[in-house]
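The values are calculated or read from the model by the stated rules, or taken from the named source; none is laboratory data. Not measured: the values here are computed from a predicted model. Because the Cβ atoms are built from the backbone with ideal geometry, glycine has one as well, and the counts that use them run over all protein chains shown.
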Amino acid sequence: MKRTIRAAALLVSTLIALPASAQSAKLSDGFEGTDFAPEGGLYYRENKEQQAGKVEFQGDEVFEGKGALKLSVRAMCPVEDERCSERAEIWEKTDLRVPYDQGVWHGFAVKLAEPIPSDDHRYLIAQWKREIDPGADGDFSPFLALRLLNGKLHVTVETNYRPGLSDAKPTGKAGICAPNGVPVWLRPDTNQMRALVAADPDWTGKDGELYSGCTDRMNVVQHNPLPKPDSGWIDFAIYTRPGPEGDGRVELFANGKPIVTVTGMVGHNDKDLGKNQYFKFGPYRAGHSDDWVVYYDKFRRSPDCADVLSGGSCPQF
């Protein structure tokens, strides 16, 4: 009888502790132990692409507290194979994913270890994607990604191919549109276009040569440049609410400072796409010949800005 009572009490307490929905779940992990914290909802995904990766819980390089993650990738892919990738990404658990049409805040601190890659290559340190149903036709890029190119940080937002050039004429210079235009890499063959929405102070027009088109289907308000990748720990706080039909929003902060606000078309609405968005972080690149190391600390996620943004003022919208 006592065992039954204890079991019933445990079940009730567990049910009370569960959030009403994945969107309302508040997650956090400071990586203080030797494994992921249960309250963080994170895991390292074991698959072929992740075989190049390595996860270490260490205390030599930290942002806050006594521990942080060291994520690294080694050479595994043939450099000439453009479809192969090397990853050491940390994922949110599937049952904690947020519905695609709802907003959520993510925060994490990141530090790029020396040597910081400085070549023209595909490097990502964090990305937000929409689920893809099994057997779906095509591949879809992240609707938001933090990237590295030529040793410079930049941020891209992806949506369906709708350039809308009537009010966003190209100026003849790559990465520059006027007026009311946003530079994009147009990809009609995949029904996608990728917008360049933020970069660090060293970014040049030559770095943005890929973004030679323009769109007026997004509105981008620049507040501050991104920190430089060699500036040490960078604490990001980022709000995402996809809206492929034009009601999307992204708010990005770094070290408490607002960096960029993006509104309008954000994300994809093709058939065979899933109902949820999901976030993953960690080094991801095309095949390369050497190792790449990135540190991460202080992961948090919440529907409320105040739980995620440190040292800054939450935006009102």
Original post:
Any residue in the range 246-269 that is surrounded by fewer than 20 Cβ atoms within 10 Å (Cβ to Cβ) and either hydrophobic (A, V, I, L, M, F, W, C) or in contact with a Cys (Cβ under 9 Å, 6 or more places away or on another chain) (or both)?
Top reply: no
Original post:
For the range 193-230, which residues satisfy the criterion of being basic (Lys, Arg) and buried (at least 20 other Cβ atoms within 10 Å of the Cβ)?
Top reply: ARG194, ARG217
Subject >> Subset of the range 251-262 (residues that are within 14 Å of VAL308 (Cβ to Cβ) and part of a strand (DSSP E or B)) >> reply: GLU251, LEU252, PHE253, ALA254, PRO258
**OP:** Considering only the range 215-260, state which residues are among the acidic types (Asp, Glu) and either in contact (Cβ under 8 Å) with a residue 24 or more places away in the chain or under 30 Å from LEU69 (Cβ atoms) (or both).
**Re:** ASP216, ASP230, ASP235, GLU245, GLU251
Subject >> Those strands (runs of 3 or more DSSP E) lying entirely in the range 93-162 with at least 1 residues of a type in the set (Val, Ile, Thr) and surrounded by 15 or more Cβ atoms within 10 Å (Cβ to Cβ) >> reply: 104-112, 123-132, 152-160
Original post:
In the range 270-317, which residue that is part of a strand (DSSP E or B) and either among the acidic types (Asp, Glu) or over 16 Å from the mean Cα position of the chain (by Cα) (or both) is surrounded by the fewest Cβ atoms within 10 Å (Cβ to Cβ)?
Top reply: LYS275
Original post:
Among the numbered criteria (1) at pLDDT 90 or above; (2) crowded, with 21+ Cβ neighbours inside 10 Å, which single criterion is violated by THR190?
Top reply: (2)
Original post:
Any idea how many residues of the range 65-92 are surrounded by 15 or more Cβ atoms within 10 Å (Cβ to Cβ) and more than 14 Å from TYR284 (Cβ to Cβ)?
Top reply: 5
